[in-house]
Amino acid sequence: MLEKINELLAETNNFISTSAEEIEQFRVRMLGKKGTITLLFDEFKTIEPALKKEFGQKLNELKTLAQDKIQQMKTSLEDSSDTSSGLDLSLPGESFAIGSRHPISLIRNEIVQIFARLGFTVSEGPEIEDDWHVFSALNFPPEHPARDMQDTFFIEKNPDYLLRTHTSSVQIRVMEKQQPPIRIIMPGRVFRNEAISARSHCIFHQVEGLYIAENVSFADLKQTLMYFAKEMFGEKTKIRLRPSFFPFTEPSAEMDISCNCNGKGCNLCKYTGWLEILGCGMVDPNVLDACGIDSKKYTGFAFGMGIERIAMLKFDIKDIRMYFENDVRFLNQFKAAF
Ligand code: DAH
């Protein structure tokens, strides 16, 4: 009997299986009602009392080993089946959707980078402004139509305050604080009381530019804007300056860039071959004086452009409302840009 027990101990020690069925068969064969170990316990009852101690110990050892072994096999089987049900740590991770930059941010960043190469730094100002910074200091006469309720959102509780209608207000804030040389661009959000359509919106974005120093001339303005146009729209781009009027610049101009149709005429340029992109001019001496800058000593130029318009031209966007609708089908298209 001792020999038999030793044989079974060896067999149990060597038993290894990854099949639930085999483990169960082993259990039945060893510990089942008619299992080998169970039968040995029956046989044990008939053994000589003198041998009982030695045999009993061995038999218990065998039973415990078999029970432990079966339990161990079952546990490792459960663990490994967990792995096959999706916890395989060697699988590559699941990728998640990465957002894209908004076209307005892309163009604003590009404008900032282009002017940074010419030594312009960025300044910002408040969106809720007062009449002085948006109109009066910029040489708007008191009866100027831009102050009209038609265009400007006033703050109801205190009509001295309003939502800025252009980023030119930031020029004033900077010049009030800083003496020339000043070389800055000022990106920001602006607000106008306009009906929303494919071409206009009540919220949009501008980038303002300002350069004040001694002996700054119109030629400097033109050269700066030409550099900008070529960097933004391509080396072959031509520019054209048309006389215009703004209260805060004298002389004033509007700048057009050549259309991609190469002057042949298309729907975009309305068959003129040119596209208007910004307003500009030499800063009016009245504006410098209003900010405490000596207009006899210093001159400068300023310009202002709409970011939505430039993004429309660059990305061929037909409707300004697309920028504000948060439609991911639209926004996802800018993943590849920059
Ligand atoms: N503030 C003007 C607008 O909103 C744009 C502009 C024109 C800005 C000429 C300038 C400038 O600085 O010199 O329409």
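The values are calculated or read from the model by the stated rules, or taken from the named source; none is laboratory data. Keep in mind that this is a model prediction, so the values were computed, not measured. Please note: Cβ atoms are built from the backbone with ideal geometry, for glycine as well, and neighbour counts cover all protein chains shown.
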Somewhere in the range 53-64, is a residue among the aliphatic types (A, V, I, L, M), surrounded by 12 or more Cβ atoms within 10 Å (Cβ to Cβ) and either modelled with pLDDT under 85 or in contact with a Lys or Arg (Cβ under 8 Å, 6 or more places away or on another chain) (or both)? no
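Taking the range 220-241 as the search range and keeping residues that are aliphatic (A, V, I, L, M) and within 14 Å of the ligand (Cβ to nearest atom), which one is farthest from the chain's Cα centre (by Cα)?
At the first step, the residues of the range 220-241 found to be aliphatic (A, V, I, L, M) are 221, 225-226, 229, 232, 239, 241.
When the remaining residues are screened for being within 14 Å of the ligand (Cβ to nearest atom), the result is 221, 225, 241.
Numbers: Leu221: 33, Leu225: 29, Leu241: 36 Å.
So, considering only residues that are aliphatic (A, V, I, L, M) and within 14 Å of the ligand (Cβ to nearest atom), the one farthest from the chain's Cα centre (by Cα) is Leu241.
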Taking the conditions exactly as written (within 11 Å of the ligand (Cβ to nearest atom), over 29 Å from the mean Cα position of the chain (by Cα) and among the aliphatic types (A, V, I, L, M)), does Leu210 satisfy them or not? no
Kindly indicate which of Ser258, Ser217, Ser244, Ser200 is touching a residue at least 60 places away in the same chain (Cβ under 8 Å) and over 31 Å from the mean Cα position of the chain (by Cα). Ser217
Take Ala311 and tell me if it is within 16 Å of the ligand (Cβ to nearest atom) and in contact (Cβ under 8 Å) with a residue 12 or more places away in the chain. no
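Let's see how each residue does on (1) crowded, with 20+ Cβ neighbours inside 10 Å; (2) aromatic (Phe, Trp, Tyr); (3) in contact with a Cys (Cβ under 9 Å, 6 or more places away or on another chain):
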{"position": "Asn215", "(1), (2), (3)": "no, no, no"}
{"position": "Lys230", "(1), (2), (3)": "no, no, no"}
{"position": "Gly265", "(1), (2), (3)": "no, no, yes"}
{"position": "Leu268", "(1), (2), (3)": "no, no, yes"}
{"position": "Asp294", "(1), (2), (3)": "no, no, no"}
{"position": "Phe301", "(1), (2), (3)": "yes, yes, yes"}
{"position": "Glu308", "(1), (2), (3)": "yes, no, no"}
Need pairs with beta-carbon distance below 6 Å; first residue closer than 16 Å to Phe44 by Cβ and of a type outside the set (A, V, I, L, M, F, W, C) and within the range 1-12, second assigned to a helix (DSSP H, G or I) and modelled with pLDDT of 85 or more; sequence gap 6+ or separate chains. none
Residue check, Gln179 more than 15 Å from the ligand (Cβ to nearest atom), in contact with a Phe, Trp or Tyr (Cβ under 9 Å, 6 or more places away or on another chain) and at pLDDT 95 or above: yes
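Can you confirm whether Thr224 is touching a helix residue (DSSP H, G or I) at 6+ places or on another chain (Cβ under 9 Å), β-branched (Val, Ile, Thr) and assigned to a loop (DSSP other than H, G, I, E, B)? Full working, then the answer.
Details: touching a helix residue (DSSP H, G or I) at 6+ places or on another chain (Cβ under 9 Å): yes; β-branched (Val, Ile, Thr): yes; assigned to a loop (DSSP other than H, G, I, E, B): no.
For Thr224, the condition - touching a helix residue (DSSP H, G or I) at 6+ places or on another chain (Cβ under 9 Å), β-branched (Val, Ile, Thr) and assigned to a loop (DSSP other than H, G, I, E, B) - is not met.
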Which numbered condition Cys259 fails, given (1) at pLDDT below 95; (2) of a type outside the set (S, T, N, Q); (3) surrounded by 18 or more Cβ atoms within 10 Å (Cβ to Cβ); (4) in contact with an Asp or Glu (Cβ under 6 Å, 6 or more places away or on another chain): (4)
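Let's see how each residue does on (1) within 13 Å of the ligand (Cβ to nearest atom); (2) out of contact with any His (no Cβ under 7 Å at 6 or more places or on another chain); (3) in a loop (DSSP other than H, G, I, E, B); (4) at pLDDT 95 or above:
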| residue | (1), (2), (3), (4) |
| --- | --- |
| Pro159 | no, yes, yes, no |
| Thr165 | yes, yes, yes, yes |
| Val170 | yes, yes, no, yes |
| Arg173 | no, no, no, yes |
| Ile184 | yes, yes, no, yes |
| Val190 | yes, no, no, yes |
